[in-house]
1. If the Cβ limit is 6 Å and pairs must be 6+ apart or interchain, which residue in segment 125-154 that is touching a residue at least 40 places away in the same chain (Cβ under 8 Å) pairs with which residue that is surrounded by 20 or more Cβ atoms within 10 Å (Cβ to Cβ) and of a type in the set (D, E, K, R)?
2. Within segment 219-272, can you find the residues that are among the charged types (D, E, K, R), open to solvent by 30 Å² or more (accessible area, probe 1.4 Å), touching a residue at least 40 places away in the same chain (Cβ under 8 Å) and more than 30 Å from ALA353 (Cβ to Cβ)?
3. Based on this model, can you work out whether VAL417 counts as modelled with pLDDT under 95 and surrounded by 20 or more Cβ atoms within 10 Å (Cβ to Cβ)?
4. Being closer than 14 Å to GLN236 by Cα, assigned to a strand (DSSP E or B) and out of contact with any Phe, Trp or Tyr (no Cβ under 8 Å at 6 or more places or on another chain) is the filter here, so list the residues in segment 151-198 that pass it.
5. Being within 17 Å of ARG59 (Cα to Cα), open to solvent by less than 10 Å² (accessible area, probe 1.4 Å) and over 24 Å from the mean Cα position of the chain (by Cα) is the requirement here; does GLU147 meet it?
6. On the given criteria, is LYS72 crowded, with 16+ Cβ neighbours inside 10 Å and assigned to a strand (DSSP E or B)?
7. Cβ-Cβ under 9 Å, sequence separation 6+ or interchain: first residue in segment 62-85 and without any contact (Cβ under 8 Å) to a residue 12 or more places away in the chain, partner of a type in the set (Gly, Ala, Ser). Which pairs?
8. Considering only segment 427-444, I want to know if a residue exists there that is under 25 Å from GLN290 (Cα atoms), charged (D, E, K, R) and in a strand (DSSP E or B).
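The values are calculated or read from the model by the stated rules, or taken from the named source; none is laboratory data. Quick caveat: nothing in here was measured; it's all calculated off a predicted structure. Backbone-built Cβ (ideal geometry, glycine too); neighbour counts: all protein chains shown. In case anyone asks, the SASA skips ligands and DNA or RNA and just uses the protein heavy atoms, side chains included. Shrake-Rupley method; radii C 1.70, N 1.55, O 1.52, S 1.80 Å.
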Amino acid sequence: MIVTFQASLSDTMPDSRFSFTPDRFKQIVSDALAHARSRGASAAETEISESIGQSVTVRQGEVETIEYTRDKGLAVTVYIGQQRGHASTSDLSAQAINDTVDKALTIARFTAADDCAGLADQDLLARDFPDLQLYRPWGVSVEQSIELAQACEAAAFAVDKRISNSEGASVGTHDAHFIYANSLGFMAGYPSSRHHLSCAVIAGKDDEMQRDDWYTSSRDPDALDHADAVGTLAGQRALRRLGARKIDTTQAPVVFEAPLASGLIGHFVSATSGGNLYRKSSFLLDALGQQIFAPGVTIAERPHLPGGLASTAFDEEGVATRMRNVVEAGVLRGYFLGTYSARKLGMRSTGNAGGSHNLVLEPGELDLDGLLQRMGRGLLVTELLGMGVNMVTGDYSRGAAGFWVEGGKIAYPVEEVTIASNLKDMFLGIDAVGNDVLVRGSRACGSILVGKMTIAGD
């Protein structure tokens, strides 16, 4: 039996605002596992967590909402051989937890055996727990949050008199801690934080109205963009869309601005995730080792980046995460697998139960202006609408807005168009990746130039 946990993170009280200490959490999960064993479980795993949050929204300079959140819960999965049962509770009393374990066992006894069910392979469990600097509490008061949101919105209005309305500016902070444990002896957890500042405004008046927004997010409050900068950028982005027009249907290159380009990487992750692969609902079935992107595309998974929004030493099953190139010079080198999906595919977990960890698209040499110059004539997409993506076939069709580009320069704003292609063709047709890298959640990438798409307008 192995026992692994990070003492420097799990054995100290992460924040006095939390109701439970890490030591208390460890006792609770130990008791839950012991109860499962005593009632006949051959294996079990459990996760306990607690979170606190605060959010303030200001609109037109006035406070619109103040929200506080406090959540806690325990989830337990038990196995009787290869029969699986799962249950959860928000009541962390000893009796409620025992009842929850008993419910999971009842479910397991009425569930068909699955030869892929079970805990993660013991040799894959994490044993090293570096301090990834994931917990940087803000401690911002409601009054300070209101002032920040008001400053952010005011900066947006100050951009131009044509910024006529606002959907509001918000400031939020969220802290949590958890422990995951299983009957193989694994026990580990850590505290984490996430903070954000956002603003959305409307430019124009009467029938000529355009909306845009901007936000900043980080685990470290000191790394957030300044409130004035966020508001100013939101205002500028809304203002530049005034005078948008439709265009004739054509085929042309398309640049996906960095905030949207990460969505293309998201489609890749979905297509190469275990669940879609073993269900054969992916357009990238059996693509391992094949050229699926243009040769200039490399995508790395970096789960141990200090302060990363998707950094972690282990996944939701305790499997150690590791640095790797999932795409190398356009060639697919790895899938995103948890234990169950890996077994269904005859493979082993890649430490991705729960998702990917800090995917980084290797930047090219050009900034956004450079990409537009390289494109020459085409569409810069800054907003996407709808969800017209078929993950089985790869067909891609979405409403879009942005800017028409002529001679490598923005000519005028565009709206009410549809861009269409197939993701296979789009991935292979990436002509360049920008160095204007932006972090959005678990992905960091610059703008992406796709060589040709159908742009449907009038």
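1. Matching pairs, first to second residue: LEU134/ARG219; ARG136/ARG219; PRO137/ASP175.
2. Once the filter is applied, which keeps residues that are among the charged types (D, E, K, R), open to solvent by 30 Å² or more (accessible area, probe 1.4 Å), touching a residue at least 40 places away in the same chain (Cβ under 8 Å) and more than 30 Å from ALA353 (Cβ to Cβ), segment 219-272 yields ASP222, ASP228, ARG240, ARG245, LYS246, ASP248.
3. So VAL417 passes the test.
4. SER164, ASN165
5. Values: within 17 Å of ARG59 (Cα to Cα): yes; open to solvent by less than 10 Å² (accessible area, probe 1.4 Å): no; over 24 Å from the mean Cα position of the chain (by Cα): yes.
Considered against the rule, which asks whether it is within 17 Å of ARG59 (Cα to Cα), open to solvent by less than 10 Å² (accessible area, probe 1.4 Å) and over 24 Å from the mean Cα position of the chain (by Cα), GLU147 comes out as no.
6. yes
7. THR65/SER55; THR65/GLY168; THR65/SER170
8. yes
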